[in-house]
Amino acid sequence: MRLCHPSLLFFFLLLSMSNAAPKVNKKHIFKLARDLSEAKRLKQPISCVGCIALAAPLATIAKLTPTEGIILWFAKMICSINQPMEVCDGITQQFRGEFFYVFRRLANEPSKICAALIPGCVDPSDPDGEGWNIPLPPLPRSLPSPSASSSSSISPPNVLKVLQITDIHIDFHYESGSEAECADPVCCRGKNSRNWANPSVSAGFWGTIGKCDIPYRTMENMLKHISDTQHIDYIMVGGDIIDHYDWKYSWEETLEVLQNVSSLFKTHFPTTPIYWALGNHEGVPVNSFAPHSVNEQFWPVHLYDQLTEMNKPWIKEDGDNSSRFRGSWSTLVTDRLRLISINTGFCINTNFFLYLNQSDPDGTMTWFVDQLTKAELSGENVHILAHIPPGYYDCLEGWSRNYYRVIQRFSSIITGQFFGHVHYDYFTLFYEDMNDVSSEPIGVAYVSPSASTFDYLNPGYRVYTLDAENTFKIIDHDNYYADLSFADENTEPEWKLLYSARQEYNITDLSPKSWNAVADNIFTNATLTDRFFQLAYRTESPRCDSSCRHYQLCLLRSGHHNDDLYCPPNHLETNRVY
């Protein structure tokens, strides 16, 4: 669902707090909203001086006349330009407390509001904004030889089979036969969707390739198929379990869904280690992950406690773990292999709290470096499990750049990076020089396919083969999917192999150097480009226009935001937000 960017809402909240707000013509407000939104999308210059000149007096008024009713009214009107009023009512109520808490503190610094609103107004050296830097330890003079540990969950054979499932987005209110092409942000919910009595396109029994999440039975069918047909050594669940009806979120329902889905996994894999990461849709409100620097009322304590419970008994609670504090964790999954999960709710640009101070929220990046340093000194290899890929447009540049620096520093021990969030699958290369793609490739981040069909995708999952005798590097990955257009109430989904990476791209290994050559071929070979998008979307006719395709190809080498380097200057961002 595409929501109004928080910085744009901040601007109109400022405007709405002036004494003249009730007299403002709504048509003028709507036109200004469209103009600013389009200018930001096209990256057209808007005067930073003019923005600050307007924001400064309005911020002063804001501190004197905090009229919440007027503010909420304007926010709903701006939202309703592109969304149904029911959605706007829900979103403004969801974010009400957070809006006012953050905005009234930003009102003291109008330059921060403009920096959030206009890309050209960002100060890249601001240590509280994009310019923060995480300290990195020097390389050790010598490293210990790898040694066995008795605290791991499993004992490895020569290879390990690892299942990654991400972006499940189960809709417990999914109704087959309901409207699948509704005007709402998400469809397939019976009377909750428009045209429910006479649908133009009926929702399928097992799911719909459209603007719909998947029903519970489809996830159950997938897990049963995997457990019946494959040996899996451990499972990584990459976040976003909750549906896309984020204007209706509540803590009660979110926690109930997490408990239900984790029980479903345990039913089909009762003895298999299952490791859970957090997605942005686990936040209530959506994307909201308050650092401990803000008022306690906003802390997502219930979510972090639930995450800890879901990861038992596979993750020990000790001084090094922080799942109950910041939603990140670290554990040995087997001798010499450490799995670290980092909460990327602290990188998403629609987490309003980050606009107060972007610098290492809750010390998550510092904790991440500490875990990697201990692993390095202990002779361990490291895999990383997280939700939002660095360099994707809704992950803040300060976070993306610092994550990139961490990967560069610890590239000798990090042999796997696993993400989700985007729903289609791709890979991102990391280089010795983050601003020079002709330098040595040093790492690969894998962005895995979604189990959800949202939006216009077939559901999928991925199985990695790891070399347990050689740094736990990835030997291959197999991608599976089900074409739901062939499934109905009498025919179960057929889960089948879509492609294997080595065979599909004709490479002998999955090293960064090999993937770099694959990227070159995808960029230059039109047939391979088309094939890449068919595999990424799990459909023969992906819904991705030329600007969308261009942006997604840029992601193959964009581990942080540097459009001038990785992409032609006239490229447009995709409008998809998950």
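Assuming a ≥ b ≥ c are the square roots of the Cα gyration tensor eigenvalues, decide whether segment 343-392 counts as rounded (a/c under 1.5), prolate (otherwise, with a/b larger than b/c) or oblate.
Working: a/c = 3.98, a/b = 1.91, b/c = 2.08.
The shape class here is oblate.
Kindly state, to the nearest 0.05, the FRET efficiency for GLN230 paired with THR524, given R0 = 35 Å and r defined as their beta-carbon distance.
The pair GLN230/THR524 has a calculated efficiency of 0.50.
Filter LYS224/LYS374; LYS112/LYS513; LYS316/LYS473; LYS374/LYS473; LYS312/LYS513 down to the pairs with a C-alpha to C-alpha distance above 30 Å, please.
Numbers: LYS224/LYS374 38 Å; LYS112/LYS513 40 Å; LYS316/LYS473 25 Å; LYS374/LYS473 20 Å; LYS312/LYS513 37 Å.
Violating the 30 Å Cα-Cα cut-off are LYS224/LYS374; LYS112/LYS513; LYS312/LYS513.
Counting only protein chains, not ligands or nucleic acids, how are ARG189, ARG502 ordered by accessible area (probe 1.4 Å), most first? Write down the numbers at each step before the final one.
Working: ARG189 15, ARG502 85 Å².
Solvent-accessible surface, decreasing: ARG502, ARG189.
At a Förster radius of 30 Å, what calculated FRET efficiency corresponds to the Cβ-Cβ distance of TRP73 and ASP128, to the nearest 0.05? It would help to have the intermediate numbers written out before the result.
Numbers: r = 31 Å, r/R0 = 1.05.
The computed FRET efficiency comes out at 0.45.
Once you sort the root eigenvalues of the Cα gyration tensor of segment 474-558 as a ≥ b ≥ c, which label holds: rounded (a/c under 1.5), prolate (a/b larger than b/c) or oblate (the other case)?
It is oblate, given that a/c is not under 1.5 and a/b is not larger than b/c.
ASN357: net charge of surrounding residues, Cβ under 13 Å, Lys/Arg +1, Asp/Glu -1, itself excluded? Write out the running numbers ahead of the final one.
Numbers: positive: ARG105, LYS112; negative: GLU109, ASP126, ASP128, GLU130, ASP360, ASP362.
It works out to a net charge of -4.
Roll a 1.4 Å probe over the protein heavy atoms and report the accessible area of ASP243 in Å², nearest 10.
Per-residue accessible area (ASP243): approximately 10 Å².
Express in Å², to the nearest 10, the accessible area of ILE507 obtained by rolling a 1.4 Å probe over the protein heavy atoms while all chains stay in place.
Accessible area, nearest 10 Å²: 30 Å².
Place the peptides 468-479, 125-136 in order of packing, highest mean first, counting for every residue the other Cβ atoms within 10 Å and averaging per peptide.
Numbers: 468-479: 18.1, 125-136: 15.5.
Sorting 468-479, 125-136 by mean packing, highest first, produces 468-479, 125-136.
Return the FRET efficiency for the residue pair ASN490, GLU86: r is the Cβ-Cβ distance, R0 is 41 Å, and the value is rounded to the nearest 0.05. Kindly include the intermediate steps, with their values, before the conclusion.
Details: r = 35 Å, r/R0 = 0.86.
FRET efficiency, ASN490 to GLU86: 0.70.
With a 1.4 Å probe and all protein chains kept in place, how do ASP530, ASP483, ASP240 rank by accessible area, largest first?
Largest accessible area first, the residues go ASP530, ASP483, ASP240.
Can you give the extra length, in nm with one decimal, that the chain gains between TYR393 and GLN93 once fully stretched, where that is 0.36 nm per residue apart less the Cα-Cα distance?
Details: separation 300, 0.36 × 300 = 108.00 nm, distance 2.63 nm.
Contour length minus the Cα-Cα distance gives 105.4 nm.
Based on the alpha-carbon gyration tensor of segment 195-309 and its eigenvalue square roots a ≥ b ≥ c, which shape applies: rounded if a/c is under 1.5, prolate if not and a/b is larger than b/c, or oblate? Provide the component values of the computation, followed by the final result.
On the way: a/c = 2.68, a/b = 1.13, b/c = 2.37.
Oblate.
Quick one: net charge of GLN259's neighbours, Cβ under 14 Å, K/R +1, D/E -1? Can you show the working numbers first?
On the way: positive: LYS266, LYS312; negative: GLU252, GLU253, GLU256, GLU282, ASP305, GLU309.
That sum, taken over residues with Cβ under 14 Å, equals -4.
The values are calculated or read from the model by the stated rules, or taken from the named source; none is laboratory data. In this text, all values refer to a predicted model and were calculated from it rather than measured experimentally. Because the Cβ atoms are built from the backbone with ideal geometry, glycine has one as well, and the counts that use them run over all protein chains shown. Each accessible area value is taken on the protein alone, full model and side chains, heavy atoms only, with ligands, DNA and RNA left out. Shrake-Rupley method; radii C 1.70, N 1.55, O 1.52, S 1.80 Å.
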